[in-house]
Amino acid sequence: MIIAVDGPTASGKGTISKRLAKHFALPFLDTGLLYRAVGWTLQQQGGDPDNPADALAACNFESSLLDDPALRSEDIGGLASRVSVHPPVRRALDKRQKDFAGQPGGAVLDGRDIGTVIAPDADVKLFVTASSEARAVRRFEEMKRRGQQVDFEDILADILQRDERDQNRATAPLKPAADAVLLDTTNLTIDAAIQQAIALVNAKTSGRRDKDPA
Ligand code: CDP
């Protein structure tokens, strides 16, 4: 079974996907990390994120980089969003994601274009959203917990800018697949969102894949 989870930044899709993978005993790929790895490598190489050739040159990163916590920063998230607009970068990362989705038994992948481009035949497609304010509050709280100095308005502006870039790029823009189920987490706790996601997968697959139905 392939489960495709797409949605904007801080919507809860990462946490939901990880928990779905655990619940249904499937391997999990956070595809945003691939774009983050390109952003990080480009920064090391002193490249220009808006130049497609520089961004493509940063696609040859070692897989071990994906475990580096340095990829998780807001700055690298912003760079990832900029390099991900270039079609050659998306093509360079395409096979890796499709191979992961196509492995025997299936997988859970989260990103922006999983249900539309990477796994258009996925058994279940979820599009996880939340209002921009709710997402900014979550990101703000998360950064404060990590002891970072943060300004709420800066975070909200960053989220709006990232949404705008992800939704309006020409190639593989962030948008729900025609057959995706929407999960709006604005007023849900993360546990409630996870329970709803499990229930949506079971509804789509008539509970066939669930050894431990919620
Ligand atoms: O964690 P967060 O949702 O903030 O970001 P992420 O999922 O790590 O993705 C970082 C950036 O990579 C996004 O803003 C997208 O521009 C890009 N991305 C993409 O274009 N396609 C994907 N399948 C995953 C991420």
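The values are calculated or read from the model by the stated rules, or taken from the named source; none is laboratory data. Here the structure is a predicted model, which means the values were calculated and not measured. No Cβ is skipped: glycine too gets one built from the backbone with ideal geometry, and neighbour counts run over all protein chains shown.
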Count - residues of the range 7-34 that are within 14 Å of the ligand (Cβ to nearest atom), in a helix (DSSP H, G or I) and farther than 22 Å from Ala70 by Cβ:
1
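Rundown of residues vs (1) of a type in the set (Lys, Arg); (2) within 18 Å of Thr186 (Cα to Cα); (3) in contact (Cβ under 8 Å) with a residue 24 or more places away in the chain, yes/no style:
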| site | (1), (2), (3) |
| --- | --- |
| Asp99 | no, no, no |
| Pro104 | no, no, no |
| Ala119 | no, no, yes |
| Ala130 | no, yes, yes |
| Gln148 | no, no, no |
| Leu156 | no, yes, yes |
| Leu160 | no, yes, yes |
| Asn168 | no, no, no |
Does Ala37 satisfy being surrounded by fewer than 16 Cβ atoms within 10 Å (Cβ to Cβ), small (Gly, Ala, Ser), touching a Phe, Trp or Tyr at 6+ places or on another chain (Cβ under 7 Å) and part of a helix (DSSP H, G or I)?
no
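Kindly indicate whether Arg90 is surrounded by 19 or more Cβ atoms within 10 Å (Cβ to Cβ) and at pLDDT below 95.
No: the conditions fail for Arg90.
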When you look at Asp54, is it within 12 Å of the ligand (Cβ to nearest atom), assigned to a helix (DSSP H, G or I) and over 18 Å from Pro176 (Cα atoms), yes or no?
no
What number of residues within the range 28-42 are small (Gly, Ala, Ser) and touching a residue at least 60 places away in the same chain (Cβ under 8 Å)?
1
Is it the case, given these coordinates, that Arg162 is buried (at least 19 other Cβ atoms within 10 Å of the Cβ), modelled with pLDDT under 95, within 13 Å of the ligand (Cβ to nearest atom) and assigned to a helix (DSSP H, G or I)?
yes
Any residue in the range 72-86 that is surrounded by fewer than 18 Cβ atoms within 10 Å (Cβ to Cβ), away from the ligand (no atom under 13 Å from the Cβ) and in contact (Cβ under 8 Å) with a residue 12 or more places away in the chain?
no
Across the range 108-155, which residue is nearest to the ligand (Cβ to nearest atom) among those that are surrounded by 23 or more Cβ atoms within 10 Å (Cβ to Cβ) and among the small types (Gly, Ala, Ser)?
Gly111
Mind listing just one residue for me: the one in the range 165-214 that is surrounded by 13 or more Cβ atoms within 10 Å (Cβ to Cβ) and polar (S, T, N, Q) and, of those, nearest to Gly105 (Cα to Cα)?
Thr205
Out of the residues in the range 122-159 that are aliphatic (A, V, I, L, M) and not in a helix (DSSP H, G or I), state the one that is nearest to the chain's Cα centre (by Cα).
Val128
Collect the residues in the range 157-192 that are more than 25 Å from Ala92 (Cβ to Cβ), out of contact with any strand residue (DSSP E or B) (no Cβ under 7 Å at 6 or more places or on another chain) and of a type in the set (Gly, Ala, Ser), keeping them in residue-number order.
Ala157, Ala178, Ala192
